[in-house]
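Beneath this line is the structure, given in structure tokens, with notes to follow.
The values are calculated or read from the model by the stated rules, or taken from the named source; none is laboratory data. It should be emphasised that the depicted structure is a prediction, and the values quoted were computed from it without experimental measurement. FYI the Cβ positions are ideal-geometry reconstructions off the backbone, even for glycines, and counts take in every protein chain you see. The protein model used for the area step is the full one, side chains on, heavy atoms only, and it has no ligands, DNA or RNA in it. Shrake-Rupley method; radii C 1.70, N 1.55, O 1.52, S 1.80 Å.
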Amino acid sequence: MNNSTPAKSLAKPITSAANQLRVVRPETDNESGHAEKTHSTSPQSFSSESMVDARGVTKSYRRHKTSVAVLKGVDFSAEHGKMTAIVGQSGSGKSTLLHLLGTLDRPDSGEIHFANQRIDNLPARKRDAFRNQQLGMIFQFYHLLPELTLLENVIAPAMIGQSILSYFRNRSSILKRAKELAEMVGLSHRLNHKPSQLSGGEMQRTAIARALITDPKLLLADEPTGNLDQESGQSILQLLRNLNQESGLTIVMVTHDENIAMQCDALVRLKGGKVERLK
Amino acid sequence: MYKVLLCWRYLKTRWIALASIVSVTLGVATLIVVNSVMDGFTSQMQDRMHGILSDLVVETRATNGIAEPSWYIDRIRARLGDSVDGITTVVTLPAMMTFHHNGNAHTQQINLIGIDQTTYASVSDFSKYLLHPDNKQQLDFILKRNGYAPEREALQPSGWEYRSRVEQLKKDRQTELERYRQLQAKISEEQQTQIAKDSQPLSDSTTDQGADSQAKEDATQQAESNLDLLGGPAIQPIQNGGGGRVFDASVEQRIGIVLGIGIGSVRGRDAEGQVKDYFFIRPGDDVSIAFPNAGSPPRAIDELFTVVDFYESKMSEYDGTFAFVPIEALQRARGMFDPVSKQGAVTSIQIKLARGTDLNSARDSLRDEFPPSESYVQVNSWRDTQGPLLAAVQLETTILNVLLFMIIAVAGFGILATFFMIVVEKTRDIGVLKSLGAPGSGIASIFLGYGVLLGSVGSGVGVLCGLAFVWKINEIARVLEWITGREVFDPTVYYFDTIPTVIHPFTIVWVSIGAVLIAILASVLPSIRAARMHPVEALRYE
Ligand SMILES: Nc1ncnc2c1ncn2[C@@H]1O[C@H](COP(=O)(O)OP(=O)(O)OP(=O)(O)O)[C@@H](O)[C@H]1O
Ligand SMILES: [Mg+2]
């Protein structure tokens, strides 16, 4: 399919927005630069290669005064450039963990680190920007915006990350990149269709293209194939694997499917609020 | 950018939300209609109230009035300087008018106003309300030949044409009556001599003659009652300065008087429901007016006046009570004229202010000039005279505005509910936007912008509807009349048959700003709610 060249072409327009995120950015943008750095201040030893990691994370939900502990001290780490799968029974807290990694929620205790920078305690603005610039997320139910066309859905994160002025300045490169991504996911002929006119697989492809528009470092996928038939599930998976292998995109994927899980570089199981490393 | 895009898309895909805006629209439209009609009424009413009143009045209630008006006028001019546009002196007094109609004498209470016809027009719009076109130019208190408001059929004939015709008829009746009287006298004379001649009665001839005289008596009574019907008994001629000469009403007039149209006519409907005026006094008729003289104690004096014109200011209060006569005639009749100084006393001095002069401050400075403790005059503006009525109208407008704004506020709650529903409906999208990194403020501004858009569209449409309604209000009123079968403005009650409207651009501006503001206020809470939504819970929302 496609390689990393389109990613580089977009790198320029978003640098100004990314500059505000210096805290969360790795010291070197260079992809090979990660090897030299080690995190010395951390009490635990985490691999410098880890893209995102959770350290002793707990999370519980209060429901009618009774508190349900979902995560009871999770240590998790996804390595740079690897594809990590999270499995576990329904209700074991996979989605919860993914949301914590994606700063959509905050842990009760413990820390979330992204490229060796703590991100869970950042102010809301910075977390919003982090999600926008560094992160791509795809969900089981696609979560496209029904009022927008496929193309508009794809460029939505780029629009969110930029002011109207800079959006119009970079419009042509954003549109070019969006079309490349649509091409990559095989939907370039349906740019003006609304999500309601697309099939499940097509919607998930659109969601992937949307997740990639800001050229993120990390892709979080919550059961991306959960709602799809075997065939389209496989093709989505193929797409993700290609992204991982050709562009070196770090992927953390929650899945129910043992088969898919086995194909990943790393595999963890959530059980009883703890993480077991299987692979 | 996504905010604008989403706002726009939400507006485009949710036209139904406009339904909630329609309530605001209707409120705005009603507010505009009501305000413009009320303003129309108010300005017409003020025009009318002010019509025959001057701006300021310096008046006294003393029976003999202000003896030296020129001294006052000098002081007023000195005090107000250039702000005085016109000034005139007036004698007003309560009076009782008697006129004859269908053989009956009618009396009515009026306000007799003696005016200086040359200067009175400089302080009020009086002359434009007169019926005769020549009098509109310059009132001279002289009866015109004809031509009183030719478009009013009910008023024809009037003037000299009418007067001489009536006098001619009266004279004819008089002579006929005279002839019968003479005839009767002759007959009875003949009878007397007959009786004296032959004392023995001749039965057959007596009965014959008795029947004959009976018939003649009947005829006499008939003639008399006819005369009554025509114009009542002949009015006692008063010599207006003429020494011993007999007054010939068919070619001479008495002192002229201008009556309010309400004194001399009634407005009603005929059998077909058409509005009709009926004049029981016409220009050319004589009326008798009793009023107090300036003596102490005052004695009533009676004068005859010839109606030379009517005025119609369309203020029933004025039209039904004010009667204007030349000031000099009134001064002489009341004994207010000083033959030595050649100056007549007046009861009030009326002042017209130059354009742009503040009415109240001018009044206050005159009050300062003539403090009640030192002088016996009072200073009032026309607004003081009509104060309660104006205040009532003002209050009515204010209350209506408050009520209608309440309605718009209620509509605002409708928008609030609709917006909450939309936010709830969009919960998942909000979660998605947050997961894509949209800040809370951005999400809030989507919904705020949506509110602004809807509010603007709603109030824009409302303003257009309101203006169209006002523009076609008389046609709409006619349709309503046709549907309901009853007249919206009964011309026998109101003096106008079209609804007066005045549109103040300022009203439209604040009304539409108010409506947009309500829409914005109503969208603030839902926006805040949207912004505060927890991304994970929003994503989970089914
Ligand atoms: N907002 C919430 N309030 C209360 N309990 C919650 C809330 N969100 C999640 N939970 C509970 O937390 C537990 C973990 O939920 P989570 O969605 O992470 O499970 P999961 O592993 O993703 O399950 P699935 O495979 O079905 O998606 C569940 O028992 C769920 O009921
Ligand atoms: Mg889940």
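Restricting attention to region A:142-160, which residues are β-branched (Val, Ile, Thr) and more than 10 Å from chain B (Cβ to nearest Cβ)?
Result: A:Val154, single match.
With respect to B:Glu317, determine if the residue is surrounded by fewer than 21 Cβ atoms within 10 Å (Cβ to Cβ) and in contact (Cβ under 8 Å) with a residue 60 or more places away in the chain. Even if it seems obvious, please write down each step before you answer.
On the way: surrounded by fewer than 21 Cβ atoms within 10 Å (Cβ to Cβ): yes; in contact (Cβ under 8 Å) with a residue 60 or more places away in the chain: no.
Spelling it out, it is not the case that B:Glu317 is surrounded by fewer than 21 Cβ atoms within 10 Å (Cβ to Cβ) and in contact (Cβ under 8 Å) with a residue 60 or more places away in the chain.
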Taking region B:270-280 as the region of interest, how many residues are open to solvent by 100 Å² or more (accessible area, probe 1.4 Å) and either assigned to a strand (DSSP E or B) or under 22 Å from B:Gln108 (Cα atoms) (or both)?
2
Against the conditions (1) more than 11 Å from chain B (Cβ to nearest Cβ); (2) more than 16 Å from ligand 2 (Cβ to nearest atom); (3) at pLDDT 90 or above, where does A:Leu71 fall short? Just the number, please.
(2)
Considering every residue within region B:28-49, establish whether at least one is open to solvent by less than 50 Å² (accessible area, probe 1.4 Å), under 30 Å from B:Val307 (Cβ atoms) and hydrophobic (A, V, I, L, M, F, W, C).
yes
Any residue in region A:166-181 that is part of a loop (DSSP other than H, G, I, E, B), away from ligand 1 (no atom under 16 Å from the Cβ), surrounded by fewer than 21 Cβ atoms within 10 Å (Cβ to Cβ) and not β-branched (Val, Ile, Thr)?
no
Taking region A:234-263 and keeping only residues that are within 16 Å of ligand 2 (Cβ to nearest atom), open to solvent by less than 80 Å² (accessible area, probe 1.4 Å) and farther than 20 Å from A:Leu218 by Cβ, one is left with A:Asp257
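Being surrounded by fewer than 20 Cβ atoms within 10 Å (Cβ to Cβ) and assigned to a helix (DSSP H, G or I) is the filter here, so list the residues in region B:5-22 that pass it.
Filtering region B:5-22 down to residues surrounded by fewer than 20 Cβ atoms within 10 Å (Cβ to Cβ) leaves B:5, B:8-9, B:11-16, B:18-19, B:22.
Matches in region B:5-22: B:Leu5, B:Trp8, B:Arg9, B:Leu11, B:Lys12, B:Thr13, B:Leu18, B:Ala19, B:Val22.
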Quick count over region B:9-39, residues being within 14 Å of another protein chain (Cβ to nearest Cβ) and touching a residue at least 12 places away in the same chain (Cβ under 8 Å), is 4
Say we look at region A:264-275 and pick out the residues that are open to solvent by less than 80 Å² (accessible area, probe 1.4 Å) and out of contact with any Asp or Glu (no Cβ under 9 Å at 6 or more places or on another chain); which of these is nearest to ligand 2 (Cβ to nearest atom)?
A:Gly273
Subset of region A:53-68, residues at pLDDT 90 or above and either more than 12 Å from ligand 1 (Cβ to nearest atom) or in a helix (DSSP H, G or I) (or both), comes to A:Ala54, A:Arg55, A:Gly56, A:Val57, A:Thr58
Tally of residues being within 7 Å of ligand 1 (Cβ to nearest atom), closer than 20 Å to A:Asp120 by Cα and either within 13 Å of the chain's Cα centre (by Cα) or among the small types (Gly, Ala, Ser) (or both) across region A:79-96:
2
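Considering only residues of region A:199-232 that are more than 16 Å from ligand 2 (Cβ to nearest atom) and more than 22 Å from A:Ala158 (Cα to Cα), which is nearest to the other protein chains (Cβ to nearest Cβ)?
So the first thing to find is which residues in region A:199-232 are more than 16 Å from ligand 2 (Cβ to nearest atom), and the list is A:199-203, A:205-206, A:208-219, A:229-232.
This time we only want the ones that are more than 22 Å from A:Ala158 (Cα to Cα), so: A:199-201, A:229-232.
On the way: A:Ser199: 19, A:Gly200: 16, A:Gly201: 19, A:Asp229: 22, A:Gln230: 26, A:Glu231: 26, A:Ser232: 21 Å.
Selected residue: A:Gly200.
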Filtering helices (runs of 4 or more DSSP H) wholly in region B:392-488 for at least 2 residues that are closer than 23 Å to B:Met45 by Cβ, open to solvent by less than 70 Å² (accessible area, probe 1.4 Å) and without any contact (Cβ under 8 Å) to a residue 40 or more places away in the chain gives B:473-484
Evaluate region B:295-309: report whether one residue or more is within 21 Å of the chain's Cα centre (by Cα), in contact (Cβ under 8 Å) with a residue 24 or more places away in the chain and surrounded by fewer than 23 Cβ atoms within 10 Å (Cβ to Cβ).
no
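Can you list the strands (runs of 3 or more DSSP E) lying wholly within region A:77-141 that have 1 or more residues being crowded, with 23+ Cβ neighbours inside 10 Å and within 8 Å of another protein chain (Cβ to nearest Cβ)?
Values: elements: A:83-88, A:109-114, A:135-138.
It comes to A:135-138.
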Any idea which residue in region A:100-128 is nearest to ligand 1 (Cβ to nearest atom), counting only those that are in contact with a Pro (Cβ under 8 Å, 6 or more places away or on another chain) and closer than 19 Å to B:Ala438 by Cβ?
A:Asp105
Mind checking which pairs have a first residue in region B:371-387 that is within 16 Å of B:Ala62 (Cα to Cα) and a second that is surrounded by fewer than 18 Cβ atoms within 10 Å (Cβ to Cβ) and among the aliphatic types (A, V, I, L, M), Cβ under 8 Å, 6 or more apart or different chains?
B:Tyr376/B:Ala62
A:Ser163 is checked against (1) under 15 Å from the mean Cα position of the chain (by Cα); (2) within 11 Å of another protein chain (Cβ to nearest Cβ) and fails just one. What number does that condition carry?
(1)
